[in-house]
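Take a look at the structure set out below.
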Amino acid sequence: MYQIKFPKKVYSGKDSLSQIKEIIEGRRPENIFVLSDPGVAQNGLLDDLLGILDEISASYQTDFEAPKEPSVYDVEAYAKKLEEHRIDMIIAVGGGSVIDMAKILSVAVTNPDLIKDLRAPGAIRNPSIPMVAIPTTSGTGAEATANAIFLYPEEDLKVGIISEFMIPDYVILDVRMTMGLPPALTASTGVDALCHALEAYISTLSNPFCRMFAKEALRLICSSIEKAFLDGKDLKARENMQLGAFYAGLCLTTSSTVAVHALSYPLGGKYHIAHGVSNAMLLPYVMEVNEAVCRKEFTELAPYMLGDISHFKREELPHAVVRYLFDLTERLQIPSLNSFGVSPADIPYLTDNAIKVERLLLKNPKELSREEIQGIYERLLTEKGKER
Ligand SMILES: [Fe+2]
């Protein structure tokens, strides 16, 4: 048995931002909360949205200070603010962190006990207030998924909270919102999306829904990520990345990520390496370890990822996919683990904490031993840039 979950309504294409008017006029909220972050606000990306809200005389509060790495304490503070202002609709404009915060707030309003303990089983029982996600990055797929990630500072741990009530009700994919994304973020968030599609495809939860969206996500992302990295104004490449990241996000509501994301968690929790960057560092190494058990899947995906495969023999395709991932992350200038101050002495800590992410490791197509996990971190520290 498998199922796929979608947002209620998704708007895409030219000038889709203007559809916010239709959404608000349909739902008639009393007071809207517009959440964003300083980077998005400085780029002027909120001007058109706020202009529309003013034009239709909508009542709204703004907060453009959403934290980059939201913690459980931030959730608590924001939830109080929403209660004070009697908010009954949320519009999130930003990357994964902004959208994740809006998702948890949309259910915090209707589930007041949630704030006491986000991790309490069954804490999210009631549907959310209406929430609109307007992504400004093309990566996390947060606009499509049912989960949100928060930092527990005392535990040096990032925890994923999952509820289908957190899938945004409305998604607006307007490419104009992603045009200003700097190259390094274009690369790391884009590879995060690539991870979602590829990991979901090889997960033990893989299914026909996921495989259809994953193939198209990989075709869109792999054909466009370098173009968008090199020329941020390439409209077609940006459109492909935006759609590819959304499709990859849909894959996660029907399948799952696997060992790349599992090994990434401790790098985010303790060393505060951005989610997309740690995934991008790990991706080729984890897939190299998986190659022996994923030969069929990598062969199927090769035409979507590599484009023209006519010069390969069929049996060469699985390794060509792995080699492509090493080359791609090199060309996208993904930083090395050493550059974040991680040293060989940290490897036992990383390994211990990766092993705890059983939820994802158990879905990896290959059972990874402690030695294999440790080996991946060791190679990440010592082998970057090595010829393959
Ligand atoms: Fe991710």
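From its DSSP helices (H runs of at least four residues, each -39,500 (n - 2.57)), the chain gives a residue-normalised ellipticity at 222 nm of -15500 deg cm²/dmol.
Across the range 219-229, coupling constants 3J(HN,Hα) worked out from phi with the 6.51/-1.76/1.60 Karplus curve, θ = phi - 60°, read 4, 5, 5, 5, 7, 10, 4, 6, 5, 5, 5 Hz, and Gly and Pro carry x.
Shape class for the range 256-316: prolate, because the ratio a/c of the largest to smallest gyration tensor axis (alpha-carbon atoms, square roots of eigenvalues) is 1.5 or more and a/b beats b/c. The Cα atoms of the range 1-150 give a gyration tensor whose axes a ≥ b ≥ c have a/c under 1.5, which makes the shape rounded.
Amide H to amide H, with H built 1.01 Å from N, THR110 comes under 5 Å of ILE129, counting only residues 5 or more places away or on other chains. On full extension, the segment bounded by MET1 and GLU55 gains 14.7 nm, given 0.36 nm per residue less the C-alpha separation. Amide H to amide H distances under 5 Å link TYR60 with ILE32, where only residues 5 or more positions off or on other chains count and H is placed in the peptide plane.
Restricting the calculation to Cα atoms, the range 215-326 shows an Rg/Rh of 0.98 when the hydrodynamic-style radius is the Kirkwood one. For helix 96-108, report the angle its Cα long axis makes with the longest principal axis of the Cα atoms of the chain; keep it between 0 and 90° and round to the nearest 10°. Taking the Cα atoms of the chain, the angle to 96-108 is about 50 degrees. Accessible-area rank, largest first, for ASP100, ASP54, ASP74: ASP54, ASP74, ASP100, with all protein chains present and a 1.4 angstrom probe.
Principal-axis analysis of the Cα atoms of the chain puts helix 183-202 at an angle of about 70° to the longest axis. Residues considered: LEU53, LEU325, LEU350. Largest GNM mean-square fluctuation over the chain, using C-alpha springs under 10 Å, is found at LEU53. Quarter the surface of the alpha carbon convex hull of the range 183-382 and you get the mean projected area, 10.4 square nanometres. Across the range 62-74, computed HN-Hα scalar couplings (Karplus, 6.51 cos²θ - 1.76 cosθ + 1.60, θ = phi - 60°) run 10, 8, 10, 10, 4, x, 5, 10, x, 9, 4, 5, 4 Hz from first to last residue, x flagging Gly and Pro.
Amide H to amide H distances under 5 Å link LEU157 with TYR152, where only residues 5 or more positions off or on other chains count and H is placed in the peptide plane. Within the listed set PRO67, PRO365, PRO344, the residue fluctuating most in the Gaussian network model of the chain (springs between alpha-carbon atoms under 10 angstrom) is PRO344.
With a cut-off of 13 Å between beta carbons, the residues surrounding ASP346 carry a summed charge of -2, where Lys and Arg count +1 and Asp and Glu -1.
Inverting the pair-averaged 1/r between distinct Cα atoms of the chain gives 21.1 Å as its Kirkwood hydrodynamic radius. Taking the C-alpha atoms only, the angle from helix 317-331 to the longest principal axis of the chain is near 60 degrees. Springs join every pair of Cα atoms under 10 Å in this Gaussian network model of the chain, and among ALA245, ALA58, ALA108 the largest mean-square fluctuation is at ALA58. Modelled spin labels at ASP113 and GLU291, positioned 7 Å past Cα toward Cβ, are 5.1 nm from each other. What FRET efficiency would be calculated for the residue pair ASP231, PHE340, taking the C-beta separation as r and a Förster radius of 22 Å, to the nearest 0.05? That gives a FRET efficiency of 0.20. Phi-derived couplings, Karplus 6.51 cos²θ - 1.76 cosθ + 1.60 at θ = phi - 60°, listed residue by residue for the range 138-148: 10, x, 4, x, 3, 5, 10, 9, 9, 10, 9 Hz, with x used for Gly and Pro.
Annotation: aspartates and glutamates with alpha-carbon distance below 12 angstrom to LYS21 (same-chain offsets under eight excluded): ASP48, ASP54, GLU55.
The values are calculated or read from the model by the stated rules, or taken from the named source; none is laboratory data. Bear in mind that the values here come from a model prediction, so they are computed numbers and not experimental data. Quick reminder, even Gly has a Cβ in these numbers, built from the backbone with ideal geometry, and neighbours come from all protein chains shown. Just so you know, the surface numbers come from the protein's heavy atoms only, side chains and all, with ligands and any DNA or RNA stripped out. Shrake-Rupley method; radii C 1.70, N 1.55, O 1.52, S 1.80 Å.
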